[in-house]
1. So which residues in region 369-395 are closer than 20 Å to L172 by Cα, assigned to a loop (DSSP other than H, G, I, E, B) and at pLDDT 90 or above?
2. Can you give me the number of residues within region 222-240 that are in contact (Cβ under 8 Å) with a residue 24 or more places away in the chain and either farther than 18 Å from E304 by Cα or out of contact with any strand residue (DSSP E or B) (no Cβ under 7 Å at 6 or more places or on another chain) (or both)?
3. Do we have any residue at all in region 346-353 that's polar (S, T, N, Q) and over 18 Å from L378 (Cβ atoms)?
4. Filter region 210-227 down to residues that are at pLDDT 95 or above and farther than 19 Å from V288 by Cα and give me whichever is surrounded by the most Cβ atoms within 10 Å (Cβ to Cβ).
5. I'm trying to understand the selection: among the residues of region 363-388, which are surrounded by 14 or more Cβ atoms within 10 Å (Cβ to Cβ), more than 20 Å from the chain's Cα centre (by Cα) and basic (K, R)?
6. Here's a check for you: in region 194-207, which residue that is in contact with a Gly (Cβ under 9 Å, 6 or more places away or on another chain) and of a type in the set (A, V, I, L, M, F, W, C) is nearest to I244 (Cα to Cα)?
7. So, A222, is that one closer than 30 Å to A245 by Cβ and either assigned to a loop (DSSP other than H, G, I, E, B) or over 15 Å from the mean Cα position of the chain (by Cα) (or both) or not?
8. Given the criteria free of Cβ contacts under 8 Å to residues at least 40 places away in the same chain and either part of a helix (DSSP H, G or I) or within 20 Å of the chain's Cα centre (by Cα) (or both), does A202 qualify?
Amino acid sequence: MPKSKATRPPNPRAATPVAAEAPAGTVSLPTGGGAVPITQQEIVSRLGISRGTLHRILVGSPLVKTSTRERVLRELREIDYVPNAVARGLKTRRTHSIGIIGPAAFKTSNIDKINALHIAARARGYSVVFGYSDGSPQAEVTCIRELRSKMVDGFIALSRGLSESLPHYKALQKAGLPLVQLYPLAGLEADCVYVDTRRAFADLTRHLIRLGHSRIALMLDASASQFTVNRELGYRDAMKAAGIALEEDWIIHATPDGSPLPPGGPRAGDPGWDASDYQYGFWGTSQVLARKERPTALVCFSDEYAIGALRAADLAGVRVPSELALVGYDDKEPAKFARVPLTTMHQPDERIGEAAVSLLADRIEGRIPTEGPVTRPLEATLVVRDSCGARARRE
């Protein structure tokens, strides 16, 4: 009796049909049974136009009759057509997207810059992909890798110039990816749009000197970034030019207990690593006001630090500005509405966003003939309010 052949049970994977990837120029349309891709060829057949005409309409070319453009756009809206950007990017090696690497987006000092970058990018036809870092080199590396995986056309670095990040930014350049810095990083030859913080902090310090102050303290964050170093250099420039002998303990790096934090600023597990800048300003000023000989004026790292300083002065019974003049940096909304409105330096965020996106887009599109880095410095401007005491003196 012949042996019967053993039969294998059906492969459950083989029994399940696998959907093919949608070809370039497709879009998924919602239906009762799920998303169904429709190709550009199906669209042009349905509308009775050529693929060239469809392309010209999608890119906004004027070489199409107005009546045809309006009819096609109306039909595309009805079927909710969205071009497949990923497929198009694989074909053209361009995704018309910009990657932004930056610290906390929710911080007051960053909100306006990020908003300005979004608006400027949209005006140039680019979308924005934001990579959040917590200010640490490890997080920045993760951001860079994630943004590269999304095939962005170029990068804008909002980070504050940590030296540990230098090799990773150089790797971007080696890969041929355009990069624009908003804070110059020593050792990185890349396009840069920046506000001259050294000059800004010299201007703030000179303003206090003109008001008659000589015992002027400077409160900084705890990082060793170029962003922080430039503030200190500006303060030193003004004090030296005025012939004021500088006492090193007038320069305060604000931390919860007055002790220095690791290079690069606080990280998870360090004292105060998750604190806000308002808290750092409060802690730093509390330490200053506990000294036997107090300064008569305080230059603060940012407006947030200055608002924290204002709270510390209130609790210590020190009157602002008659006993302690305060100045900040950034000129965000909270500065205008603080209990004592802040004298500060105004950052031109809208111009920063426009200049950075314009420079990056020009690089991506090959509009800049030079291969060397392009630098576009911008200036902050002094805004005098009540916290420095200048208004009270005039009155």
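1. Result: P373, V374.
2. 12
3. As a first pass, look at region 346-353 and keep what is polar (S, T, N, Q): 347.
Next cut, over 18 Å from L378 (Cβ atoms) only: none.
Within region 346-353, none of the residues are polar (S, T, N, Q) and over 18 Å from L378 (Cβ atoms).
4. Ranking the qualifying residues of region 210-227, first place goes to L211.
5. If the condition is that a residue be surrounded by 14 or more Cβ atoms within 10 Å (Cβ to Cβ), more than 20 Å from the chain's Cα centre (by Cα) and basic (K, R), then R385 is the only one that fits.
6. Within region 194-207, the match that is nearest to I244 (Cα to Cα) is A202.
7. Working: closer than 30 Å to A245 by Cβ: yes; either assigned to a loop (DSSP other than H, G, I, E, B) or over 15 Å from the mean Cα position of the chain (by Cα) (or both): yes.
Criteria met by A222.
8. Details: free of Cβ contacts under 8 Å to residues at least 40 places away in the same chain: yes; either part of a helix (DSSP H, G or I) or within 20 Å of the chain's Cα centre (by Cα) (or both): yes.
Yes, satisfied.
The values are calculated or read from the model by the stated rules, or taken from the named source; none is laboratory data. Just so we're clear, the structure is a prediction, and the values are computed from it rather than from any experiment. All Cβ positions, glycine included, derive from the backbone under ideal geometry; neighbour counts span all protein chains shown.
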